[in-house]
1. May I ask you to derive the FRET efficiency for Arg553 and Asp444 from their Cβ-Cβ distance with R0 = 30 Å, giving the value to the nearest 0.05?
2. Please give every one of the lysines within straight-line cross-link reach of Lys153, meaning a C-alpha to C-alpha distance under 16 Å, and leave out same-chain neighbours fewer than 8 residues apart.
3. For Leu23, project a label point 7 Å along Cα to C-beta. Then give me every residue of the range 125-151 with its amide nitrogen under 12 Å of that point.
4. Could you please rank Val119, Val428, Val586, placing first whichever residue has the fewest other Cβ atoms within 10 Å of its Cβ?
5. Which of the peptides 327-339, 49-61 is most tightly packed, and how do the rest follow, going by the mean number of other Cβ atoms within 10 Å of each residue?
6. Give the Rg (one decimal place) followed by the Dmax (whole number) of the range 95-242, computed from C-alpha coordinates and expressed in Å.
7. Would you kindly derive the ³J(HN,Hα) couplings of the range 206-214 from the backbone phi angles with the Karplus curve 6.51 cos²θ - 1.76 cosθ + 1.60 (θ = phi - 60°), listing them in order in whole Hz, with x for Gly and Pro?
8. Given the C-alpha centroids of the range 115-185 and the range 190-240, what is the distance between them in whole angstrom?
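Derivation of every value follows stated rules applied to the coordinates shown; laboratory data play no part. These figures come from a predicted structure and were not determined experimentally. Glycine also receives a Cβ, built like all others from the backbone with ideal geometry; neighbour counts cover every protein chain displayed.
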Amino acid sequence: MSPPKQSLSQLFNSFGPGAMMDLPTRSVVIAGLDHWDGSKAAFKSISEPRLTALLQTVLSQTGRWEPGKPVQLRTPPIARENRNEPDPAGIAVRVFPTWFTCEGIVESGTTNPRRRRLVRWTELDAAGNRKKFQRDDGKKIDVTPIRFVGACKDGHIQDIDWKWLVHRGTKCDEAMWIEEQGTSADPANIRIGCLCERPSVSLADAFKPGFLGTCKGHRPWLDSAEAGCTEQLHFLSRSATNTYFPQAVTLISLPILEDALSQAIRKHWASLQSATDPAFIGVLKNVPEIGASIGSYSNDEIYARVVQLRDAVMREAIQDPKIAEYDLLNSGDQLIGADAPGEPLFAETLNVEAMDRCLSWSNEPILQSIVAVHRLRAVTCLYGFTRLEPAPTFAEQMLEDVRLAVDGAPLSENADWLPAMEQLGEGVFLTLKPNVIRAWLQRDTVIARSKMLVAGAANHAARNNVKNLFPGMPYVLLHSLSHALMEEIALECGYPLSSLKERVYAIAGNDTDRSDRFGILIYTASAGAQGTLGGLTEIAKQIPQLLLSACDRFRLCSNDPICADHDPSVSGDERSLLGAACHACVLVSETSCEARNTFLDRALLVETISGTRSQLIRDT
């Protein structure tokens with residue numbers, strides 16, 4: 001399977017290694033990176049030193065990557081654009097689950113159309129590519145993968161041992177069957193049994209702790225099992241959303257002003273970054289591509305520059321990558337980057353003073369700067385996945401002591417690379433004045449609202465074993481404002497909302513850097529394209545009016561008063577990470593949101609019918 005360029009995002013969001021996919025006659029699990037086509041013709045290397053250093057630093061600290069081993073970024077195998085050329089071997093898959101259901105008579109002298117026989121993959125007709133099962137009377141019938149599997153919090157997944165489930169260790173060679181009762185697909189209406197005299201089992205009991213037994217550490221995407229797993233299996237529907245949560249990180253590429261030697265080294269950074277001495281450089285010069293770029297420089301000169309660049313990259317890797325992005329875009333320079341082919345970033349700082357000053361708080365303008373980002377390059381890397389519960393974002397893992405009740409699973413056993421994709425596009429960057437945010441945070445109504453949201457996050461943390469989850473009130477404010485702006489931009493410039501993405505910058509100053517950074521980047525980008533149509537940058541001058549119009553729509557939701565009156569601090573509330581926010585107002589496509597539609601509250605932007613009065617945007 002070789003994905004076309006337009007489906008790369010699906011590979012990173014839904015169908016990465018370890019994810020299950022339904023095919024017409026069977027279900028498969030995407031194999032690990034060790035089983036992908038590794039030939040040079042199948043992939044393209046991606047250079048992004050900030051991202052590779054960040055991944056190496058964080059993943060090695062958490063035991064997910066071998067310390068000192070460089071991280072290489074590659075695109076997945078991509079289908080050829082020329083149809084006359086053969087596609088690469090692509091991405092391998094494994095049949096999973098290996099239990100199937102089929103129609104037929106399962107009891108002597110009895111026909112029950114709702115009772116179907118359970119058979120294994122090895123029992124299917126090998127001559128017919130294992131698409132059918134041959135009954136005792138010779139008739140071949142269609143089969144369907146069973147809908148249920150077992151998984152544990154460490155990311156392992158396996159077939160449920162249906163024999164053991166019914167017989168509890170007693171040996172039996174009779175055929176197994178599954179029977180559906182009623183008209184719904186509720187597990188309570190499904191029973192598993194055997195042709196022997198053992199009583200059948202209701203799948204409603206499968207949700208009981210320990211009922212499915214202990215995990216055996218199976219990792220079918222790696223063709224291996226991890227010994228020593230003692231976790232209990234959890235009952236999952238094959239197509240359930242909690243079977244796979246990708247772990248990915250996205251960085252915005254920044255322009256780097258440097259001489260020809262540094263540029264040549266960065267071009268081959270994946271190979272040069274692990275250099276241990278000048279002699280190592282001499283060996284690499286024998287590679288034609290590398291030798292053509294750096295052959296005119298001495299080994300000592302090249303090695304010294306590699307060490308210098310490596311130290312600089314590692315210093316950046318220990319801090320939030322958003323800091324460098326914010327500082328560059330908020331530099332105040334009229335032109336940022338260069339307007340030339342191949343450049344990762346080109347932006348233009350607009351004159352906020354010349355714009356309509358309608359957006360204000362306490363008679364002071366809220367906006368500090370607006371930047372039209374004409375060209376940007378976003379690099380996304382997939383580095384793992386979780387099951388049962390979504391993992392925290394990469395920034396949370398790096399900056400805070402975040403621990404879930406689930407652990408991330410690896411994409412491979414021995415691969416020295418991670419799948420990545422680069423997307424080109426455009427965007428709008430805006431910042432809010434730190435003094436306005438600080439003054440807003442001191443209001444009594446905001447403090448009261450903050451206690452409610454913090455309590456909701458604490459309830460969520462207690463249920464899911466998460467520490468230091470709440471990102472702070474500035475983040476919730478800016479995140480809500482970002483969603484409001486994305487919805488308004490989609491209406492104004494014609495881009496579908498699902499094509500827009502956000503990066504929220506809510507970074508409070510610390511002892512070493514006392515600058516508060518409060519900003520939002522709304523961008524659109526696509527893989528394998530030269531960019532977008534300029535619709536976002538054209539409306540950059542309209543940002544104040546768009547924000548005001550967006551917030552005006554947030555004053556009332558079609559689900560009010562239920563939405564506006566929602567209290568996240570109520571114990572047991574499933575929406576404990578949301579204030580006044582629902583799918584009818586604030587929530588957007590999860591592919592657009594960087595925080596999976598959590599930490600949102602429109603009551604922080606405008607006064608709702610609940611009358612909380614913690615809003616930032618005042619009536620005009």
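1. On the way: r = 27 Å, r/R0 = 0.90.
Efficiency for this residue pair is about 0.65.
2. Lys208, Lys216
3. Those under the cut-off are 129-131.
4. By the 10 Å Cβ count, ascending: Val119, Val586, Val428.
5. Working: 327-339: 15.8, 49-61: 20.8.
The peptides rank, most packed first, as 49-61, 327-339.
6. Answer for the range 95-242, Rg first and Dmax second: 15.6, 46 Å.
7. These are the phi-based 3J(HN,Hα) values: 5, 7, 6, x, x, 5, 8, x, 9 Hz.
8. 13
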